Amino acid sequence: MRHRAPLLISIVALVIALLGAAPYAEAHGVWHALFAHNAHKVDGIHASRTPRAGRLLPLDTTGKFPASVVPAGAQGPAGPVGPAGPSEAFSRFRVGPVSLPTTSESIGHLDLGAGAYMIVAKAWFENIGLGTAGVSCTLQTGSATDRTDFDLTGASLAVPVPFVLAHELTSPGAVDLNCADGGGVVDVRASDIKITAVKVGSLTTSEQT
């Protein structure tokens with residue numbers, strides 16, 4: 001009986017130890033589970049890689065928020081007005097009719113400042129006389145000219161005649177449409193006379209051979 005007492009005491013101590021450790025282990029395991037469950041939160045707020053309402057958003061690699069979540073700043077003041085562009089257009093017209101002289105004179109005129117220009121002109125011509133008129137017209141600015149010679153029979157219908165020039169004026173000048181009907185029993189009249197010049201930034205002209 002003396003030998004059984006120490007054995008019995010050892011068994012009772014082992015049982016008490018096992019029963020006491022179980023609640024701690026259980027509690028310890030629950031604490032680890034709660035920690036893993038909340039790992040994606042900061043003070044109970046969820047995190048998100050993209051902007052979402054009620055979520056934390058991480059900074060980018062430069063330490064800044066993405067541009068998509070930063071509001072645009074206020075619009076700045078308007079800048080100064082820049083220089084005028086390279087293109088300006090100038091046009092002048094004359095309704096007519098204008099009787100053509102027997103020697104060349106201006107029937108259309110347009111003043112121009114210095115610069116490079118593309119110039120076009122047009123007029124309608126009719127001969128209300130009896131004979132055939134040999135009409136000669138020249139669009140001219142500076143040393144540049146565009147000349148057209150044509151015949152108009154008596155009592156003919158009005159015909160349009162176009163002109164075109166490309167020229168650079170080194171100083172203020174003008175462009176004129178000069179015409180003559182050659183004289184005789186003719187009466188040539190011009191109407192709807194128009195001259196238009198477009199100023200350009202640069203101009204290159206060349207002769208085709």
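Could you say which residue among Ser106, Ser91, Ser87 is under 17 Å from Val161 (Cβ atoms) and either in contact (Cβ under 8 Å) with a residue 24 or more places away in the chain or not small (Gly, Ala, Ser) (or both)?
Ser106
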* Are any of the residues in segment 88-103 part of a loop (DSSP other than H, G, I, E, B), in the same structural domain as Pro172 (by TED's automatic domain parsing) and among the polar types (S, T, N, Q)? -> yes
* Structure fact -> Going through segment 131-159 in order, the residues found to be under 27 Å from Leu203 (Cβ atoms) and assigned to a loop (DSSP other than H, G, I, E, B) are Gly142, Ser143
* Mind listing just one residue for me: the one in segment 160-172 that is touching an Asp or Glu at 6+ places or on another chain (Cβ under 8 Å) and surrounded by 12 or more Cβ atoms within 10 Å (Cβ to Cβ) and, of those, nearest to Leu112 (Cα to Cα)? => Leu165
* To do: Of the numbered conditions (1) in contact with a Pro (Cβ under 9 Å, 6 or more places away or on another chain); (2) assigned to a strand (DSSP E or B), Ser202 fails exactly one; give the number of that condition.
  => (2)
* To do: Return a yes/no flag: does segment 123-130 have any residue that is under 22 Å from Ile195 (Cβ atoms) and aromatic (Phe, Trp, Tyr).
  => yes
* Asked: How about segment 127-173: which of its residues are at positive phi and under 41 Å from the mean Cα position of the chain (by Cα)?
  -> Gly142
* Structure fact -> Only one of (1) modelled with pLDDT under 95; (2) assigned to a strand (DSSP E or B); (3) more than 28 Å from Gly154 (Cβ to Cβ) does not apply to Arg189, and that is (3)
* To do: Output yes when any residue across segment 121-130 is in a strand (DSSP E or B) and more than 14 Å from Ser191 (Cα to Cα), and no when none is.
  => no
* To do: Could you identify the single residue in Leu157, Leu177, Leu152 that is without any contact (Cβ under 8 Å) to a residue 40 or more places away in the chain and surrounded by 20 or more Cβ atoms within 10 Å (Cβ to Cβ)?
  => Leu152
* Asked: If you scan segment 111-126, which residues turn out to be within 36 Å of the chain's Cα centre (by Cα) and among the aromatic types (Phe, Trp, Tyr)?
  -> Tyr117
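The values are calculated or read from the model by the stated rules, or taken from the named source; none is laboratory data. Note that the coordinates shown come from a computational prediction; the quantities given were computed from them, not determined experimentally. Positions of Cβ are backbone-derived with ideal geometry, glycine not excepted, and every protein chain shown enters the neighbour counts.
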